[in-house]
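To keep things clear, I will list the structure first and then write my remarks on it.
The values are calculated or read from the model by the stated rules, or taken from the named source; none is laboratory data. Fair warning: this is a prediction, and the values are worked out from it, not measured in the lab. Here the Cβ is made from the backbone with ideal geometry for all residues, glycine too, and neighbour counts use every protein chain on show.
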Amino acid sequence: MNYGYVKVAAAVPRMKVADCKFNASEIEKEIIIAGGKGVQIIAFPELCMTGYTCGDLFAQQILLEEAEMGLIQILNNTRQLDIISILGMPLALNGTLLNTAVVIQKGKVLGIIPKTYLPNYKEFYEKRWFTSACQVSETNIRLCGQLIPMGTNLLFDTANTTFGVEICEDLWAPIPPSSTLALQGAEILFNLSADNEVIGKHTYLRSLISQQSARCMAGYVFSSCGFGESTTDVVFAGNGLIYENGNLLAESKRFSFEEQVVISEIDVEFLRTERRVNTTFAACRACCAPESPVHICTEYVKNKELNLTRIFPPHPFVPQGTALNERCEEIFSIQVSGLAQRLLHTSAKSAVIGISGGLDSTLALLVCVKTFDKLGWSRKDIIGVTMPGFGTTNRTYANAMDLMNSLGITIREISIREACIQHFKDIDHDINVHDVVYENSQARERTQILMDIANQTWGMVIGTGDLSELALGWATYNGDHMSMYSVNGSVPKTLVTYLVKWVAENEMDEASRTTLFDIVDTPISPELIPADENGNIRQITEDLVGPYELHDFFLYYFLRCGFRPSKIFFLATRSFKTVYDEETIKKWLQTFFRRFFSQQFKRSCLPDGPKVGSISISPRGDWRMPSDASSEMWLREIEEL
């Protein structure tokens, strides 16, 4: 299976101005190399057959004839290859000259796209030589002995995707042709360009391509002239750029003196999911897309073994480098703003929160402290309640107390042991049987205490559970599952750790920072089972439900991208190949889907809380699912892996 990936390339070949034979040979060489690497579609720069900087030589008949002869050479020498190639050349038509993109495959010319917008300002003089597609009425052109479809409305259908083509300045127009092509069905857009370099232009170009690929929810492949073009007045850096829905997948080295082929894989399954989910895309298509595209079927390309060049980070919720600090600051600010609005709206006099000494309750407490500080309220009106039970260890208890003391909030300690013992007697449960009744009774007792203290103090119970726990249903129904406002509900577990670290490093005093770092290093546990003989945590969450880094990976690609289990497994085995073997990944993938479906009833009645990232499983937000939906199809596919 290719899992929806289409391997594409942006080529920047060596070239000589007005030497069509040399240029054709270089183009042919790059096509053969790319074909050998499994590339399905390759794009070359604008006017690459002749060179963009030919100037008034474009009026020379010999140049135009040699360009056609160069194309014939390429067609003859690549007719055994499945790869689709898009290259630029000038074409004469009824006394006019067109700047075109020519799409070829297996010795045939499939279609020709003329350039729509001809720049004629500053260093550009294209209208001196070329005619815009807007001024051409013909829909066919004769080339290389073939009658070829021509137009700006051509869509090329392959076995795996549909693509369209525009040329350089077209992208700079207020409404680029690629926008129309995308609305008409193009999933990948190719741009043949001659983009010269000036200070600051490269940053603007990348922004432009990123925005266009995101706006069109498409792949965007950009190939621009490089070394070999005339430097009489300008310099071309050779930009090969591949984007997918706003994200850069691959790029060439600028100002290289050597030829380059930039390769990556565009996930058209993901793009289709994005378009289906975003109903604005369909609405825009209904209002704005002309109903006259011309579809051209390409020849079938045999699927080769998928060799991904793309890298899929094992922690998709956690950005790298300085972006991580920016992400943490933004999420923390969203949490604080959400809680502040709810406290003000309800006229709450206090915030009540259960403090366990674990990561989630720590983050929720830090959000409360920052919120009260910003509102100018006393931290003493934050009531931190530690409720030691049968499984509470000295480490987590000490961390909970130390953190509350250093933050200067009101502390209440209420043991749940006696209340739970009485409850076990009331319902006739053997205290030595450490089953779900034993565990959930403790969680519900703690929630009752918090709710009643909130009533005592005209306060609000702040929820602590995170996105990853809610996805797995790792919460006691009407226990820690319930609160009056849940600040962590859309923060994944893999990001909670970094958030706590970020707050410790940027917002806290030394005493609090020391405690926070120890909390980060503490194993994740609900501490509902008694500690071992050495007083250490016996109940490790990730031993029971699996590693959170795997579950967050599964969650991201299941909910954010709509991928099927086999594709998620395919990506996970690559992203975690040095950490987990395939059997381990399959085991926890099965656990994820089994729990995700069976535990939906808990998510159907979640308390309010702010959405902070690309995924929310609130029934009022991103995810609406019946609690009794069958997981059979998903689990069956995993069994067959």
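Please verify whether the range 483-503 includes one or more residues that are assigned to a loop (DSSP other than H, G, I, E, B), in contact (Cβ under 8 Å) with a residue 12 or more places away in the chain, crowded, with 24+ Cβ neighbours inside 10 Å and more than 28 Å from the chain's Cα centre (by Cα). Taking every residue of the range 483-503 in turn, at least one turns out to be assigned to a loop (DSSP other than H, G, I, E, B), in contact (Cβ under 8 Å) with a residue 12 or more places away in the chain, crowded, with 24+ Cβ neighbours inside 10 Å and more than 28 Å from the chain's Cα centre (by Cα).
Here the range 191-217 is the region considered, the condition is being touching a residue at least 60 places away in the same chain (Cβ under 8 Å) and either under 26 Å from Met89 (Cβ atoms) or touching a Gly at 6+ places or on another chain (Cβ under 6 Å) (or both), and the residue that is surrounded by the most Cβ atoms within 10 Å (Cβ to Cβ) is Leu192.
Screening Phe317 against (1) surrounded by fewer than 19 Cβ atoms within 10 Å (Cβ to Cβ); (2) of a type outside the set (S, T, N, Q); (3) in contact (Cβ under 8 Å) with a residue 12 or more places away in the chain leaves a single unmet condition, (1). Where strands (runs of 3 or more DSSP E) fall wholly inside the range 1-93, the ranges with 1 or more residues that are without any contact (Cβ under 8 Å) to a residue 60 or more places away in the chain and not aliphatic (A, V, I, L, M) are 84-93. The set of residues in the range 511-530 being modelled with pLDDT under 70 and of a type outside the set (Asp, Glu) consists of Pro526, Leu528. Of the residues making up the range 442-460, none is under 39 Å from the mean Cα position of the chain (by Cα), over 25 Å from Ile382 (Cα atoms) and surrounded by 20 or more Cβ atoms within 10 Å (Cβ to Cβ). Taking the criterion of being in a strand (DSSP E or B) and touching a helix residue (DSSP H, G or I) at 6+ places or on another chain (Cβ under 7 Å), the only residue of the range 193-209 that qualifies is Ser193.
Okay, residues lined up against (1) within 20 Å of Glu507 (Cα to Cα); (2) not assigned by TED's automatic domain parsing to the domain that holds Trp502:
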site	(1), (2)
Cys288	no, yes
Lys304	no, yes
Thr309	no, yes
Ser337	yes, no
Gln341	no, no
Gly358	yes, no
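Across the range 335-349, the qualifying residues are those that are in contact with a helix residue (DSSP H, G or I) (Cβ under 6 Å, 6 or more places away or on another chain) and surrounded by 21 or more Cβ atoms within 10 Å (Cβ to Cβ), and the one among them that is farthest from Arg513 (Cα to Cα) is Leu339. For Ala182, the stated conditions hold: it is without any contact (Cβ under 8 Å) to a residue 40 or more places away in the chain and under 21 Å from the mean Cα position of the chain (by Cα). In this structure, Glu251 does not satisfy being among the charged types (D, E, K, R), crowded, with 22+ Cβ neighbours inside 10 Å and either in the same structural domain as Leu571 (by TED's automatic domain parsing) or farther than 21 Å from Asn23 by Cα (or both). Cβ-Cβ contacts under 6 Å between residues 6 or more apart (or on different chains), taken from a first residue in the range 296-312 that is modelled with pLDDT under 80 to a second residue that is among the charged types (D, E, K, R), are listed as Val301/Asp82. Looking at the range 361-371, is at least one residue under 20 Å from Met508 (Cα atoms) and without any contact (Cβ under 8 Å) to a residue 24 or more places away in the chain? Within the range 361-371, none of the residues are under 20 Å from Met508 (Cα atoms) and without any contact (Cβ under 8 Å) to a residue 24 or more places away in the chain. Can you find, within the range 101-122, the residue that is farthest from Ile296 (Cα to Cα) among those that are hydroxyl-bearing (Ser, Thr, Tyr) and at pLDDT 95 or above? Step by step, filter the range 101-122, then rank; the result is Tyr117. Scanning the range 352-382 for residues that are in contact with a strand residue (DSSP E or B) (Cβ under 8 Å, 6 or more places away or on another chain) and among the acidic types (Asp, Glu) yields one hit, Asp381. Applying the selection to the range 408-439, what residues are surrounded by 12 or more Cβ atoms within 10 Å (Cβ to Cβ) and among the acidic types (Asp, Glu)? Scanning the range 408-439 gives Glu413, Glu439. Residues of the range 588-623 that are over 15 Å from Leu555 (Cα atoms) and either among the basic types (Lys, Arg) or outside the structural domain of Ala471 (by TED's automatic domain parsing) (or both): Lys602, Lys611, Arg620. Looking only at the range 378-405, residues that are surrounded by 17 or more Cβ atoms within 10 Å (Cβ to Cβ) and either assigned to a loop (DSSP other than H, G, I, E, B) or charged (D, E, K, R) (or both) come to 10 in all.
Among the residues of the range 9-33, the one identified as in contact with a Leu (Cβ under 9 Å, 6 or more places away or on another chain), surrounded by 24 or more Cβ atoms within 10 Å (Cβ to Cβ) and either farther than 26 Å from Gly55 by Cβ or basic (Lys, Arg) (or both) is Ile31.
For (1) exposed (fewer than 14 other Cβ atoms within 10 Å of the Cβ); (2) polar (S, T, N, Q); (3) within 27 Å of Asn196 (Cα to Cα), each residue gets a yes or a no:
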site: Lys106; (1), (2), (3): no, no, no
site: Lys115; (1), (2), (3): no, no, yes
site: Asn120; (1), (2), (3): yes, yes, yes
site: Tyr125; (1), (2), (3): no, no, yes
site: Ala133; (1), (2), (3): no, no, yes
site: Glu138; (1), (2), (3): yes, no, no
site: Ile148; (1), (2), (3): no, no, no
site: Gly151; (1), (2), (3): no, no, yes
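Of the set (1) touching a strand residue (DSSP E or B) at 6+ places or on another chain (Cβ under 9 Å); (2) modelled with pLDDT under 95, all apply to Gly36 but (1). Report, by residue number, each residue of the range 304-314 that is surrounded by 12 or more Cβ atoms within 10 Å (Cβ to Cβ) and more than 11 Å from the chain's Cα centre (by Cα). Listed by number, the residues that qualify are Lys304, Leu306, Leu308, Thr309, Arg310, Pro314. Scanning the range 113-161 for residues that are closer than 18 Å to Tyr52 by Cβ and in a strand (DSSP E or B) yields Ile113, Pro114. Listed by first and then second residue, the pairs with beta-carbon distance under 7 Å, at least 6 apart or on different chains, first residue in the range 226-239 and over 16 Å from Glu258 (Cα atoms), second part of a loop (DSSP other than H, G, I, E, B) and not polar (S, T, N, Q), are Asp233/Glu123; Val234/Glu123. Name the single residue that is farthest from Val109 (Cα to Cα) among those in the range 140-179 being without any contact (Cβ under 8 Å) to a residue 24 or more places away in the chain and not small (Gly, Ala, Ser). Only one residue fits best here, namely Pro174. In the range 557-641, counting only helices (runs of 4 or more DSSP H) that sit wholly within it, none holds 2 or more residues that are in contact with a strand residue (DSSP E or B) (Cβ under 7 Å, 6 or more places away or on another chain), crowded, with 16+ Cβ neighbours inside 10 Å and touching a residue at least 12 places away in the same chain (Cβ under 8 Å).
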